[in-house]
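Heads up, the thing below is written out as structure tokens.
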Amino acid sequence: MEPKLCLSLSGEIIDTKEKWEKHRREELRYLLEHYAYGHRPKEIPDKLSFEIVEQNLLGSLKYKRININTDGFVFPVRVYLPVSDKQVPCFVYFMHHAQELDSDIDTTPNNLYVPIDEICARGYAVAVIRLTDIYADDKNLGTYDEGIFTVYGPTPDKRRDTDWAAISAWAFCASRVADYLSTDSDIESKELAVCGHSRSGKAALWTGATDERFSLVISNSSGCMGAAMLRGKEGEHIDFISTHTDWLCKKHSGYAENEEMLPIDQHMLLSLIAPRLLYVQSSSLDAWADPSAERRSCRLASEVYEMYGMIGAVLPDEDAIECNKAYHDGSVGYHMRDCEHSIRKEDWDMFLDFWDKKR
Ligand code: GCU
């Protein structure tokens with residue numbers, strides 16, 4: 001049985017949004033940090049600056065590459081915009097290494113994973129962050145002595161079981177991108193979305209949970225330690241993710257043999273997005289991520305949307321779920337594409353339709 005979302009550690013029943021905001025939301029964030037994503041050395045940089053290093057037209061789009069300097073750690077973000085007199089909403093997209101190798105986004109924006117031309121044609125901007133510019137996602141170093149960890153630490157010899165790991169570091173940098181976007185006069189900074197696929201979908205959810213400036217949070221096939229409930233899940237579990245990746249804090253790996261004892265589950269992560277818009281995509285053939293476990297957490301997290309007088313996920317019973325159908329009636333959007341583990345233009349069409357309808 002999963003831990004209850006609306007029962008605080010002190011035993012208080014949380015049944016109003018006031019109680020939720022006062023007593024439970026911060027508590028859940030703390031628990032998710034402590035048992036999964038790790039505590040960050042700081043939330044807000046002491047020194048932050050932006051340098052536009054390139055700015056030109058790329059086909060029919062405006063393109064800018066900006067170096068973000070957060071306390072001495074520098075990483076680039078690439079922003080693509082429609083040519084428009086109006087400020088536009090913006091998607092922040094995490095690109096992971098395999099996608100980066102497959103796309104040359106400095107010269108040809110469109111690629112298999114994020115159809116930048118089409119997104120811009122529909123009146124939105126896209127800001128792309130590459131995970132490897134922050135901390136490698138393609139190798140499991142286990143050392144945390146590269147990238148952002150060299151600036152923020154902790155040094156490998158001082159690392160505690162509950163210190164931040166890669167997902168939290170990627171999410172921290174997405175927040176710095178939001179800092180930049182709020183200074184860019186081409187962007188409607190009250191309308192930011194964050195999106196990622198798989199490991200990046202996990203990072204997108206943690207970004208949304210920790211930074212309320214994102215009004216839409218999109219998880220594409222994020223699976224284990226993303227949108228999928230851990231309890232009762234098929235496919236990947238803690239034993240695999242903790243031994244093959246650097247994404248979560250060490251304390252989390254201690255629950256590999258007794259997941260039932262873990263004080264959190266993933267409906268808690270999704271609930272931290274409420275009352276903002278949330279979108280969960282599943283790939284039908286992705287047993288490793290487990291689409292049904294992703295839907296279960298959407299259903300459970302909807303309890304918090306209801307406290308706000310809103311409707312969360314509007315999903316039929318499990319045996320009536322259809323592939324390629326938009327479940328867009330509530331504030332938690334969902335679709336399952338009939339495909340292997342992937343993100344494609346067809347998913348973006350759904351995300352764009354949802355945002356067009358809800359914003
Ligand atoms: C592995 C990992 C998943 C992850 C995926 C990805 O399959 O086990 O948790 O989502 O890689 O990021 O592509």
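Okay, here's what the table says:
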read-out: Yes/no for residue 9 being free of Cβ contacts under 8 Å to residues at least 60 places away in the same chain, in contact with an Asp or Glu (Cβ under 9 Å, 6 or more places away or on another chain) and either hydroxyl-bearing (Ser, Thr, Tyr) or within 20 Å of residue 266 (Cα to Cα) (or both); value: yes
read-out: Helices (runs of 4 or more DSSP H) contained entirely in the stretch 181-271, each with at least 1 residues that are within 16 Å of the ligand (Cβ to nearest atom) and under 11 Å from the mean Cα position of the chain (by Cα); value: 199-210, 266-271
read-out: Residue in the stretch 290-309 that is of a type in the set (A, V, I, L, M), part of a loop (DSSP other than H, G, I, E, B) and either over 30 Å from residue 144 (Cβ atoms) or out of contact with any Lys or Arg (no Cβ under 8 Å at 6 or more places or on another chain) (or both) present; value: no
read-out: Residue count for the stretch 314-332, restricted to those that are touching a helix residue (DSSP H, G or I) at 6+ places or on another chain (Cβ under 8 Å), more than 19 Å from residue 271 (Cβ to Cβ) and not in a loop (DSSP other than H, G, I, E, B); value: 1
read-out: Conditions (1) away from the ligand (no atom under 16 Å from the Cβ); (2) outside any helix (DSSP H, G or I); (3) among the polar types (S, T, N, Q); (4) over 19 Å from residue 50 (Cβ atoms): number failed by residue 150; value: (2)
read-out: Qualifying residues in the stretch 129-139 (those that are in a helix (DSSP H, G or I) and not polar (S, T, N, Q)) - the one nearest to residue 93 (Cα to Cα); value: 131
read-out: Conditions (1) farther than 26 Å from residue 343 by Cα; (2) outside any helix (DSSP H, G or I); number of the one not met by residue 157; value: (2)
read-out: Residue within the stretch 241-258 that is within 30 Å of residue 320 (Cα to Cα) and at pLDDT 95 or above present; value: no
read-out: Matching option when the condition is buried (at least 20 other Cβ atoms within 10 Å of the Cβ), under 23 Å from residue 339 (Cα atoms) and among the aromatic types (Phe, Trp, Tyr), among 279, 305; value: 279
read-out: Selected residue (only one of 123, 142 is away from the ligand (no atom under 16 Å from the Cβ), assigned to a loop (DSSP other than H, G, I, E, B), in contact (Cβ under 8 Å) with a residue 24 or more places away in the chain and surrounded by fewer than 19 Cβ atoms within 10 Å (Cβ to Cβ)); value: 123
read-out: Residue tally, condition under 17 Å from residue 197 (Cβ atoms) and β-branched (Val, Ile, Thr), over the stretch 126-153; value: 5
read-out: Selected residue (only one of 39, 23, 34 is under 30 Å from residue 229 (Cβ atoms) and free of Cβ contacts under 8 Å to residues at least 24 places away in the same chain); value: 23
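Here is a yes/no grid of residues against (1) open to solvent by 10 Å² or more (accessible area, probe 1.4 Å); (2) among the aliphatic types (A, V, I, L, M); (3) closer than 28 Å to residue 331 by Cα:
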| position | (1), (2), (3) |
| --- | --- |
| 178 | no, yes, yes |
| 208 | no, no, yes |
| 212 | yes, no, yes |
| 230 | no, yes, yes |
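Here is a yes/no grid of residues against (1) touching a strand residue (DSSP E or B) at 6+ places or on another chain (Cβ under 9 Å); (2) among the aliphatic types (A, V, I, L, M); (3) on the phi < 0 side of the Ramachandran plot; (4) open to solvent by less than 10 Å² (accessible area, probe 1.4 Å):
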residue: 157; (1), (2), (3), (4): no, no, yes, no
residue: 160; (1), (2), (3), (4): yes, no, yes, no
residue: 164; (1), (2), (3), (4): yes, no, yes, yes
residue: 167; (1), (2), (3), (4): no, yes, yes, yes
residue: 170; (1), (2), (3), (4): yes, no, yes, yes
residue: 181; (1), (2), (3), (4): yes, yes, yes, yes
residue: 189; (1), (2), (3), (4): yes, no, yes, no
residue: 220; (1), (2), (3), (4): yes, no, yes, yes
residue: 224; (1), (2), (3), (4): no, no, yes, yes
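The values are calculated or read from the model by the stated rules, or taken from the named source; none is laboratory data. Just so we're clear, the structure is a prediction, and the values are computed from it rather than from any experiment. Reconstructed Cβ throughout: ideal geometry from the backbone, glycine too, with neighbour counts over all protein chains shown. Note: areas computed on protein heavy atoms with side chains; ligands, DNA, RNA excluded. Shrake-Rupley method; radii C 1.70, N 1.55, O 1.52, S 1.80 Å.
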